[in-house]
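Novice: Here it is: the structure, laid out below.
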Amino acid sequence: MVSFNAVTKQHGTRILYANASFQINPGDKVGLVGPNGAGKTTLFRLLMKEESPDAGSVSVPEKLRLGYFSQNIEEMRGRSVLEEVLSAGNLESLNKEIQALETKLSDPDLTEADMIVTVERYGELQSQFEAVGGYDLESKAQEILGGLGYSNEDMRLDVGKFSGGWKMRVSLAKILLLMPDMLLMDEPTNHLDVESIVWLEQWLKEYKGALLMTSHDREFMNRLCTKTIEVANKALTVYGGNYDFYDREKAIRREQLLAAASRQEDMLAKEEEFIARFAARASHAAQVQSRVKKIDKIDRIEIPPEDRVMNFEWPTPPRGGEEVVKFQNLSKVYDLEDGRRKNVFSNATGLVKRQDRVAVVGVNGAGKSTLLKIITGQTDATAGTCNVGPSISYGYFSQNSLDLLDPKKTILQEVEGRVPNAGLGFIRNLLGSFLFSGEEVEKKVSVLSGGEKSRVLLACILSHPVNFLVLDEPTNHLDIKSREVLLNAIKNFPGTVMMVSHDRYFLKEITTKVFEIDKNELHIIDGDYAHYLEFKSKRAST
């Protein structure tokens, strides 16, 4: 179906992959993994023929319809959300041409020759139109938008009124509506809440075409992928299973490679010792020469460098009281621009105890982030009380906090400003644990990626001994390996955690209590995330 055949690709002097080959067959669901900058996006661009290989070939059947979802969204405004989705792939112009041909075919003065040409064209367009859903397009578009979190009312609003994250969902909806033969998807779960991720996961399971995707969501990859391709160390390596299989198999292959390299090193040492001992003896000249030639012909086993990952330990925090946060009859109402008032939640009452791991869940816009902002004093409640316990010091992470980083400062200056009494050695060690070493600490905040800014902010939080972590989507922009390091760090954190996240793997691993905000009400479920999912399933069935 689709294949890379001995492909070599480089950017400037840097080789992304050399002599790389793989094949994707109809119906395959393939995960694409590898460190940032390894060449995953370039691989998509090669398949889309936006770039060409330096050697080898990329084979994509001519009639294969590809759909490519990337993080770059086009300008959208002037249409409703629904109209924007229906504009995908010139579906509007296709429909208009069909209508024009129908009008032409009803003309009694149409000649026989024109009739034949028109009927042929009409048949072609009808086949194309039916392939993408035909006359059910609008209902399919509404179904997709609903699954991605848009209400019927929102679908009628101008798409230009929505944030970049919601426009990203529109772009995703446009690709899904086209029903291509093969989907290329670069981080499709970014900006989606858990409910939308679950919906997309089910949609992709039922999708009959082939799928090649990158994702930082381990659970999503595990549930969908039947094959994994790693882009790393100038090579493409194929693994015959999901992300968990890839993770285990990669570790096994590395151990085998290390063992083989050790055996080779021992063998070479013995040969070199023999050569050194008998090089001056004429009686052994033939044997020495034979062994020299043997060594020269051996392909030395190279051990690829291990992936760089964050590595940090929490400073010991002061012990706080048993009641970390207590709120009663808490309500929040926002005044909207059009004069209306939006009730976020009402009469919320809850208690967070020491060493709780609380997951705050709910659909986008339910009020999860608002609750965390009230607790950390970022905004005031409209009614009710919220009290943080004595001796509680918190570290607060949110996507909005990234905007508080000074773009004019270097990474080093930013962290220095947060801990003015710390020594340079402490700060450099701290930044090193977040993968900023050497000259990297002199990079300006303005040029950092979202993932790099997240690491800087986490370093700032870690620079103070806190006993209460309040985290709003801490895994956004982090790759799977970095997420796992953060996950293990949170598991070992000696204090209390309250967190919003759409990463189900993350939530399953750490949650001991769930605060669900649903339809303006707070529901508290004592138990882990799996227990919450059971509770939610039973509630839906009643």
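The numbers here are math on the coordinates, done by the rules we state, and not lab data. Quantities reported herein were computed from a predicted structural model and do not represent experimental measurements. Cβ placement follows ideal geometry from the backbone for every residue including glycine, while neighbour counts extend to all protein chains displayed.
Novice: Return the calculated 222 nm mean residue ellipticity for the chain, to the nearest 500 deg cm²/dmol, obtained by summing -39500 (n - 2.57) across DSSP H runs with n ≥ 4 and dividing by the residue count.
Specialist: -12500 deg cm²/dmol
Novice: So which lysines can K538 reach, going by Cα to Cα under 25 Å and dropping same-chain residues fewer than 8 places off?
Specialist: Candidates past the 8-residue exclusion: K205, K368, K508, K513, K519.
Novice: Okay, moving on. Roughly speaking, what is the stretch gain from K443 to D114, that is 0.36 nm per residue apart minus the C-alpha to C-alpha distance, in nm to one decimal?
Specialist: Extra length available between K443 and D114 comes to 111.8 nm.
Novice: Sequence gap at least 6, Cα distance under 8 Å: using those rules, report the relative contact order of the chain to the nearest whole percent.
Specialist: Normalised by residue count, the contact order of the chain is 14 percent.
Novice: Once phi is turned into θ = phi - 60°, what whole-Hz ³J(HN,Hα) does the Karplus curve with 6.51, -1.76 and 1.60 give for every residue of region 180-185, x standing for Gly and Pro?
Specialist: x, 6, 9, 9, 10, 10
Novice: Label points 7 Å out from Cα along the Cβ direction at R428 and L125: separation in nm?
Specialist: 7.0
Novice: Determine the dipole magnitude for the chain: charges of +1 sit on the beta-carbon of Lys and Arg, -1 on that of Asp and Glu, nothing else is charged, the reference point is the Cα centre, and the result goes in debye to the nearest 20.
Specialist: It comes to approximately 2060 debye.
Novice: Still on this structure, please answer the following. Work out from phi, with θ = phi - 60° and the Karplus expression 6.51 cos²θ - 1.76 cosθ + 1.60, the ³J(HN,Hα) of each residue of region 343-355, listed in order in whole Hz, and give x for Gly and Pro.
Specialist: Here the 3J(HN,Hα) series is 7, 7, 8, 9, 6, 7, 10, x, 9, 10, 9, 4, 6 Hz.
Novice: State to the nearest 20 debye the size of the charge dipole of region 323-541 about its Cα centre, where the only charges are +1 on K and R beta carbons and -1 on D and E beta carbons.
Specialist: With Lys and Arg at +1 and Asp and Glu at -1, about 340 debye.
Novice: Also, quick follow-up: For each of K208, K332, K104, count neighbouring Cβ atoms within 10 Å of the residue's Cβ, then give the residues from fewest to most.
Specialist: By the 10 Å Cβ count, ascending, the order reads K208, K104, K332.
Novice: With unit charges on the beta carbons (Lys and Arg positive, Asp and Glu negative) and the dipole taken about the Cα centre of the chain, which residue among Y68, G362, V119 sits farthest to the positive side?
Specialist: G362
Novice: Express in whole angstrom the spacing between the alpha-carbon centres of region 162-190 and region 332-396.
Specialist: For region 162-190 versus region 332-396, the Cα centre distance is 31 Å.
Novice: Further question: Among S52, G350, F535, whose Cα projects farthest towards the positive end of the dipole of the chain, with charges put on the beta-carbon of Lys, Arg (+1) and Asp, Glu (-1)?
Specialist: Farthest towards the positive end: G350.
Novice: Here's another thing I want to ask about it. Determine the relative contact order of region 1-143: mean sequence separation of Cα pairs under 8 Å and six or more apart, normalised by residue count, in whole percent.
Specialist: 20
Novice: Place a point 7 Å from Cα of S57 in the direction of its Cβ. Which residues in region 17-51 have their backbone N less than 18 Å from it?
Specialist: Only 19-25, 46-51 pass the distance filter.
Novice: Which aspartates and glutamates does K294 reach when only Cα atoms under 15 Å apart count, and residues fewer than 8 places away in its own chain are ignored?
Specialist: Within the straight-line cut-off, K294 pairs with E265, D266, E271, E272, E273.
Novice: If you don't mind, another one. State which entries of K63/K161; K29/K96; K96/K167; K49/K444 exceed 29 angstrom in Cα-Cα distance in the structure shown.
Specialist: Check vs 29 Å cut-off fails for K63/K161; K29/K96; K49/K444.
Novice: Can you give the extra length, in nm with one decimal, that the chain gains between E509 and E83 once fully stretched, where that is 0.36 nm per residue apart less the Cα-Cα distance?
Specialist: Length gained, E509 through E83: 149.3 nm.
Novice: Sticking with this one: How would you classify region 424-503 from its alpha-carbon gyration tensor, with a ≥ b ≥ c the square roots of the eigenvalues: rounded for a/c under 1.5, else prolate if a/b is greater than b/c, otherwise oblate?
Specialist: The shape class here is oblate.
Novice: At what distance in angstrom do the alpha carbon centres of region 31-67 and region 483-542 lie from each other?
Specialist: One Cα centre to the other: 37 Å.
Novice: For K140, list the aspartates and glutamates whose Cα falls under 14 Å from its own Cα; do not include residues on the same chain fewer than 8 positions away.
Specialist: The reachable aspartates and glutamates, counting only those whose Cα sits under 14 Å from K140, are E83, E84, E130.
Novice: When a/c reaches 1.5 or more, the comparison of a/b and b/c decides; with that in mind, is the chain rounded, prolate or oblate per its Cα gyration tensor?
Specialist: oblate
Novice: Rounded, prolate or oblate for region 246-297? Axes are the square roots of the Cα gyration tensor eigenvalues, ordered a ≥ b ≥ c, and the cut-off for rounded is a/c under 1.5.
Specialist: Prolate is the answer for region 246-297, as a/c is 1.5 or above and a/b outweighs b/c.
Novice: Same structure again: Starting from the Cα of E323, move 7 Å in the Cα-to-Cβ direction to define the label point; list residues of region 390-404 whose amide nitrogen is under 16 Å from there.
Specialist: Output list for this probe position: 390-392.
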